[in-house]
Every structure is written in structure tokens, then in C-alpha cells.
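Everything below concerns the one structure shown next.
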Amino acid sequence: MLAPRQAGPPGLGRRALSLLWRFARMHPGPLLLSLAAATLYALAIVAGAAVVGRLTDRAVVPALRDGNVRAAVVLGAAGLVVAVAVARGAGIVGRRVFGTMFARRVQVTLRERLAAHYLAVELAHLRSHPTGEALSTLDNDVDRAVDSLYPLPLSVSVAVLGVGAAVSLTLVDPVVAVIGVGLIPLLVVLNQRYARSIERPAALGQARLGDLSTLAHESFDGALVVKTLGREAAEVARFDVASQRLLVTRLDLVRRRATYEPLLDQLPNAAAVLTVAVGAWRISGGALTTGELVQAVTLLGLLGFPLRMLGYLLGMLPLAVVSLDRIDAALHSGTALPPPPSSPTPVPPGPLGLALEGVVVRRDGVAVLDGVDLEIAPGETVALVGATGRGKSTLCELVVRLADPDEGRVLLGGVPLTEADPDALGLRAVLVLQEAYLFADSVAANVALGAGGVGDADVWQALRVARADGFVAALGRGTATVLGERGVTLSGGERQRVALARALVRRPGLLVLDDATSAVDPVVEAEILAGLAPGAADAPTLLVVAHRLSTIRLADRVVFLDGGRVAATGRHEDLLGLPAYAALARAYERDETARATGTGERVP
């Protein structure tokens, strides 16, 4: 993880130095190589100006005055020019190659750490934060933070240039040196004012960009709802308002940059003009030669580009600091599950027993699960039943350790989940959700996702148990058929069956179905559950969140959740004597009757 932020907001300068230091520690190798190349470039600039000055005094002036120049002088000067050019070229190539390598590696590192954090935090945190905001941080904020690194090697070489220029100009003439050296602090002061002026607009711009990304994600992801409700114009209007707010902020930044950047660009030119004027006066007094003046003016002219890059860096740092603050905020948000011990306990093979002991889960201070005690035997099929909002999905997330309980513990195969090997747990306890998510990849890749050593025969076997082999075989290329994004080329029931096959191919010891067959025809659902019953090959322990009486009747046992507790357990027929359960069963029966009179999924 990135180092934690300091308490309290330090000054922008300190925060910028902290940013650069943190990035430098990530990948010091390419950074040091780029700085070495930049130093070579800086020394070549100083040496080049000295060569031009010496060439002027020893070759150009004598040629203009006497009409001839010694060949040895010309050859020596040519050799020096070539040597300086080679050194300068090597410095430029090394600076660019290693500087870009450094910036790109930092960019990859930041994105990897953000992605790892988003995947590590509990689902409740991800659900409570806009996806568009997370994508904006992962993309735009990382880019803004890293943009300051591209001019960094050249900007750091300005320090070498400053020392070299100061020494060189002082040896030429102290009066001229005052003009050249005085340019650097003036540039720094001007950049400090510029940085302070854009810090707040930059932060506001990044926040509004995140808002815009969130709106775009919601509109595109919910395109079906938008279209069916005729909300296209309203969504465009919302997007336009957010775009205009971002535009106003960006234009404010442009105005501020347009005010300061021309001043920064013209400082070296102004210094060169002033040097020519002062130098001419010094030549007339005999304190300066023509070659020395040419050397000073050449040096100041060559300083222009590095100084502009320093100005660019100083201008980018406020934006980078703001973006890194947002990255830090994302990295320190949410709660990641505690890591397992250094020697995690292996999960046993075969069907797995499940036990919840005194489990309590709170959301915003309200107990969703309140003292749940439950034990499921290996190979047992249990239907989890309860009204909406009674904690069924929360319990399902706990048993595959997508979250940890606030109190109590969950054991799988006798192993506390907090002590289990997380890699093995992902294969041995699998949750299939109602909303089946498929990737824009082939059917085979979706089924085998994350399960090593899965062959084509394994994929087809899982599809057969999930009763998905029929429609997959009818696709253009079978399991090689590439599905659309989120699996939109399939029906809802087909997506659910492919997702179920993805779980089955892992041969889990515990299979948790959170209403995972809600869009599947009841007859097909019964066939699927029969294929998972005890006695079937590799039959797992089965925990099913059920809303159909046909599913509930197939279970060995029903667990009735009410008020965050296990209100009753037993066979469906036995629980009908409980008024709350009987009322829920009648509601399910009415719902099934209503569905039967409508249009169900077409089963191939």
C-alpha cells in the first residue's frame, strides 16, 4: 500500500515533495538512470555554450578580422562540437527512455494497488460508493498524478544547469552572471504563485469529473431502464448540467494557465535580451570579449527549454497532489477482510459441513443478523426462506467470506473461515447470485474462469448439470462463442445457467445459490437441483435461497429467517403450522400461479 498521509494538510510545496519522494521509492532504478542521463544533458549544455564562446573568439572573430583561421583550431573546435553533440544526444535519449519507463511503471503500480484495494474491501463499501467515481480515480486521477513525472528528469537537471550556469557565467563576467542566475529564483516565485492559484480549481475539476463519470456509468449501465421509461432527454439534460459544471471549472483553469504560462515562457528570452544589452556595454568597456558574450547568450538560450519544463512540472504538481489525495482517499476507504494466518488451515475435501455460531451483522447500527446459530451437515440440501430484507443474502455472503460477521464465527468443514486458505476457499465454497454476470469472452472462458486445469470435457459436464448444454451447443461456435458484454446475447435464464456451470466446474464442497435460478423454468430448475442431490457425482452441500415452493419442497430441510434470527427449521410441511411461514408460503404460491399465467422463459 502507499504510505499513509500525514495528519493535517501540509503546505503544497511539502506535499509535492512528498509525492515525488513516494513515487521515487516505487521504482528507483529507472528514475536514477533517467536523472543520470538528464545530468549528462545539463553538463553538455554548459559545455556546449563554452565551446561556442571559444569557437567565436578563436575562429569566427579572427576570420572576420584577419580573413584566415588555422586548420588546427577549426578541427579542434569541430571535435569539441561533435563530442558535446554526442553527449547531449545520449542524455536526451536516456532521459526520455528511462523517464518514460519510470512514469509508466508508477502508473501501473498505482492502478494495480487501486484495483487490488477495490477487490479486497467488503462488498457493502463498494455498493455504497458510485462505480463512476471509482473508475474516475482509477483512470483520470492516476493519469493526472503521473503526468508530473514525465518532465521530472529534465526539471531536476535544471539544478545542475543552475550550478553549471552560475559557475560558467561567473567565470565569464559576474555582472552577466547576476542576470542569468537571478532568472531561476524569479521563475520559482512566479511558479509558486501559479501553483497556489490553481490548486483549488484543480481539486474541484477532478471532483466534477468524477461526478460526470458516475452519471455516464449510470446512464449507460441502466440504458434499458432509461429507454423503457422514456428518460433519454432527462438523462441527456443531467449529463449536460454536469458537463457544463466541469466546463466552467476547466475554463477557469485554462484562464489561470493562460495568465501565468506566457510569463514563464518569456523569462529566458527577456534575460537573453538584457544580457545582450549589458554585454554590449561590458564589451565596450573591455570587461568582456565577443566570444564570452556569445557564450552567455547561448547558455541562456539553451536554458529556455529546461526552464519551461521546470515551469511545466511546477504547474502540474498542484494537479498531481490533488489527484494523489483522491487516490489516497480511495486506498484508505472501506475495510478489507483481515488476512489469514501465515499458515492457513486447509479446507477438507468432499461435501462440506457449515456452522454459524452466534453470528451478528450490523448495517448502520441495525442488526441484519442477530445471533444466528445454524448447522448444516455435509451433503445436505437446505432451503433458506424468509421475507425480503431478512438477511438471507447477507448470510450467503458470510458463508463464502465476502464479509466477516461483527460477532460470532462461521466454520466450513470444521475450519473457521478466518483461518482458512483464501485461495482454496474460493474453489471449495462458491456463491451464485441472482444477477448472473458474464464477461465479454467465450462461453468456455466464462465457465472456466479462475479454475485451473479445466478442460473442454469439464466445461461440457458442468454445462450438462446446469442444463445449459442444449442452448450452448446451438450457438454458432458452441463453447467458443463469444458472449456480449455482461452476457447480453443470452436470455436471463441462460445467463443464470452458465453462471451455475461456472460454479459447478470447480466441484465445490459447498454451493450457495442466492435465488440463482429465478429466471429458469421451474421444470428445468427441478432437473438442475435433482442433478445436485446427494448420490450424484461430486454432489456438494447445497444452500439455496428459495422463493418457489417447488424448490423448497425439494430441500432436505428448510431454514426460516425472521427478524434476523433462525425462527424455525424443519421440513416444509412441518413449518406450515407456523403462521409467519405459512403466510410466506401462500404468497409464494400466489406468485407462482401468477407467473404460470404469464410468459415464462423458453426452455430449449
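The numbers here are math on the coordinates, done by the rules we state, and not lab data. Not measured: the values here are computed from a predicted model. When we count neighbours, we look across all protein chains shown, and the Cβ atoms used for this are built from the backbone with ideal geometry, even at glycine.
Ranked by how many other Cβ atoms sit within 10 Å of their own Cβ, fewest first, the residues T56, T569 fall in the order T569, T56. Helix 522-531 and the longest principal axis of the Cα set of the chain meet at an angle near 90°.
How many percent of DSSP beta bridges within the chain run antiparallel, rounded to 5?
Numbers: 22 of 41 bridges.
Bridges in the chain that DSSP calls antiparallel: roughly 55 percent.
For the chain, the longest principal axis of the alpha carbon atoms and the long axis of helix 71-120 meet at an angle near 20°.
By its C-alpha gyration tensor, with a ≥ b ≥ c as the square roots of the eigenvalues, how is the range 475-525 shaped: rounded for a/c under 1.5, else prolate for a/b larger than b/c, else oblate? Since a/c reaches 1.5 but b/c is at least a/b, the shape of the range 475-525 is classed as oblate.
Hey, what number do you get for the chain at 222 nm if only DSSP H runs of n ≥ 4 count, each worth -39500 (n - 2.57), divided across all residues, to the nearest 500?
Helix-only estimate at 222 nm: -20500 deg cm²/dmol.
Take 437-447, 43-53 and order them by the average number of nearby Cβ atoms within 10 Å per residue, most first; the result is 43-53, 437-447. What is the fewest-to-most order of M309, M101 by other Cβ atoms lying within 10 Å of their Cβ? If I rank by nearby Cβ atoms, fewest first, I get M101, M309.
The relative contact order of the range 380-493 comes to 23 percent, based on Cα pairs under 8 Å that sit 6 or more residues apart.
With a 10 Å radius around each residue's Cβ, average the other Cβ atoms per peptide and rank 152-159, 23-30, highest first. Intermediate results must be reported in sequence, preceding the final value.
Values: 152-159: 23.8, 23-30: 15.9.
Per-residue Cβ counts within 10 Å, averaged per peptide and sorted highest first, yield 152-159, 23-30.
Between the range 67-119 and the range 332-382, the C-alpha centres lie 56 angstrom from each other.
Taking Cα atoms only, the orientation of helix 232-284 departs from the longest principal axis of the chain by about 20 degrees. The ellipsoid equivalent to the alpha-carbon distribution of the chain has semi-axes of 71, 25, 23 angstrom, derived from the gyration tensor eigenvalues as √(5λ) and listed largest first.
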